[in-house]
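**Student:** A single structure is presented below for examination.
The values are calculated or read from the model by the stated rules, or taken from the named source; none is laboratory data. Remember, predicted model here, so these are calculated numbers, not experimental data. Cβ placement follows ideal geometry from the backbone for every residue including glycine, while neighbour counts extend to all protein chains displayed. Surface areas here come from the heavy atoms of the whole protein model, side chains and all, with no ligands, DNA or RNA. Shrake-Rupley method; radii C 1.70, N 1.55, O 1.52, S 1.80 Å.
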Amino acid sequence: MTLDLQSTNWAAQINLKNLPQHVAIIMDGNGRWARKRGMPRLFGHQRGVEALKKAIGFALDVGIPYLSAWAFSTANWRRPETEISGLITILRRTLSKDLAEFHDRDIQLKVIGSKVGLPDDLITMINRAEDLTKDNKKLTLLINFNYDGRTDILEATKKIAQKIKSGDISLEDITEDLFSSHTMTTGIPDPDLLIRTSGVVRLSNYMMWQCTFTEFVFLEKNWPDFTEQDFCTALQDFQKCGRNFGQISA
Ligand code: IPE
Ligand code: IPE
Ligand code: MG
């Protein structure tokens, strides 16, 4: 993998001092991209990895500290076996072939989602990658794999209920911050910007707890066609919108 750093002067297009801290991406449309070209869906997923590398390179280049990318939802288990195993193979490859470069680029890697149903060797690779990169600082890359938002909320609820049952905490201790700290994204700021490609305008059960005040940018193009310039344009949209958080706009 080469996370090509662009020579483009992004500062001419966006304000580098008003960047989202966390950008989350629903990488959608790989299958349709491939089908349009008469290719198998997995070819689209492979090209999707190249697009993700562009997004990572861009985030590094401009200085976005947290980037999330949804690679596999729990609902995706409903897909044909060949597609599922292909997606698992792609993650395996990323965690082996690309790991050294992530580490060199000071990227901290986290794979967010349930480990239930994942092959043992994949879980070992995930643990190894997370451990190797845990002290890296430039970019935290969250790969959502076997992830969905409601499961995240349910699991957090169970952990909190267990603590109440054992007397570790009381009802009054349950605050938004406490709840957040029990989700799978504990310690990560909520996404400020969410990008979804392929013309689909829905959340599909992505970070349901985390996306309360997130700005959404929906793009018509399929994920494999996503470029650094698309990322930059999404940031321009983000910088144009007034974020009120319920208050009256300035
Ligand atoms: C997104 O592309 C990637 C995953 C869900 C793994 P899709 O595979 O959903 O592609 P389309 O939406 O069928 O075109
Ligand atoms: C969401 O895309 C999941 C990922 C991008 C990994 P889907 O293509 O699975 O979502 P739906 O089924 O169109 O809502
Ligand atoms: Mg899709």
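**Student:** I'd like to verify a number: residues in the stretch 46-63 that are of a type in the set (Val, Ile, Thr) and open to solvent by 20 Å² or more (accessible area, probe 1.4 Å), how many? So that I can check it myself, show each step before the final result.
**Tutor:** Just the residues of the stretch 46-63 that are of a type in the set (Val, Ile, Thr), to begin with: 49, 56, 62.
Okay, now just the ones that are also open to solvent by 20 Å² or more (accessible area, probe 1.4 Å), so 49.
Here the count works out to 1.
**Student:** Among the residues of the stretch 64-74, is any away from ligand 3 (no atom under 16 Å from the Cβ), in a loop (DSSP other than H, G, I, E, B) and surrounded by 12 or more Cβ atoms within 10 Å (Cβ to Cβ)?
**Tutor:** For the stretch 64-74, residues away from ligand 3 (no atom under 16 Å from the Cβ), in a loop (DSSP other than H, G, I, E, B) and surrounded by 12 or more Cβ atoms within 10 Å (Cβ to Cβ): present.
**Student:** Filter the stretch 13-33 for residues that are in a helix (DSSP H, G or I) and buried (at least 23 other Cβ atoms within 10 Å of the Cβ); which is nearest to ligand 2 (Cβ to nearest atom)?
**Tutor:** Asn30
**Student:** Let me ask something else. Look at the stretch 199-214 and say how many of its residues are in contact (Cβ under 8 Å) with a residue 40 or more places away in the chain, open to solvent by 10 Å² or more (accessible area, probe 1.4 Å) and out of contact with any Pro (no Cβ under 7 Å at 6 or more places or on another chain).
**Tutor:** 7
**Student:** What number of residues within the stretch 34-45 satisfy the criterion of being open to solvent by 10 Å² or more (accessible area, probe 1.4 Å) and near ligand 1 (Cβ under 7 Å from one of its atoms)?
**Tutor:** So the count comes out to 2.
**Student:** Under 7 Å between Cβ atoms, at least 6 apart or on separate chains: pull out the pairs that start in the stretch 159-183 with a residue that is touching a residue at least 12 places away in the same chain (Cβ under 8 Å) and end on any residue that is open to solvent by 60 Å² or more (accessible area, probe 1.4 Å).
**Tutor:** Matching pairs, first to second residue: Ile160/Ile174; Ser180/Thr186; His182/Lys159; Thr183/Trp209.
**Student:** Okay, next question. Could you check Thr8 against (1) among the polar types (S, T, N, Q); (2) part of a loop (DSSP other than H, G, I, E, B); (3) surrounded by 15 or more Cβ atoms within 10 Å (Cβ to Cβ) and say which number it fails?
**Tutor:** (3)
**Student:** Quick check on Asp177: is it assigned to a helix (DSSP H, G or I), open to solvent by 10 Å² or more (accessible area, probe 1.4 Å) and either more than 25 Å from Leu3 (Cα to Cα) or within 16 Å of ligand 1 (Cβ to nearest atom) (or both)?
**Tutor:** yes
**Student:** In addition: So which pairs qualify, if the first residue must be in the stretch 29-43 and under 22 Å from Ile195 (Cβ atoms), the second must be more than 6 Å from ligand 1 (Cβ to nearest atom) and polar (S, T, N, Q), the Cβ gap must be under 6 Å, and the two must be at least 6 apart or on different chains?
**Tutor:** Gly29/Thr197; Gly29/Asn222; Arg32/Asn222; Trp33/Asn222
**Student:** Search the stretch 234-250 for residues being touching a residue at least 24 places away in the same chain (Cβ under 8 Å) and of a type outside the set (Lys, Arg), and hand back the single one that is nearest to Val49 (Cα to Cα).
**Tutor:** Ala234
**Student:** Residue pairs, Cβ under 8 Å, 6 or more apart or interchain, first in the stretch 68-97 and without any contact (Cβ under 8 Å) to a residue 40 or more places away in the chain, second of a type outside the set (D, E, K, R) and assigned to a loop (DSSP other than H, G, I, E, B). List them.
**Tutor:** Correct list of pairs: Ile88/Leu118; Ile88/Pro119.
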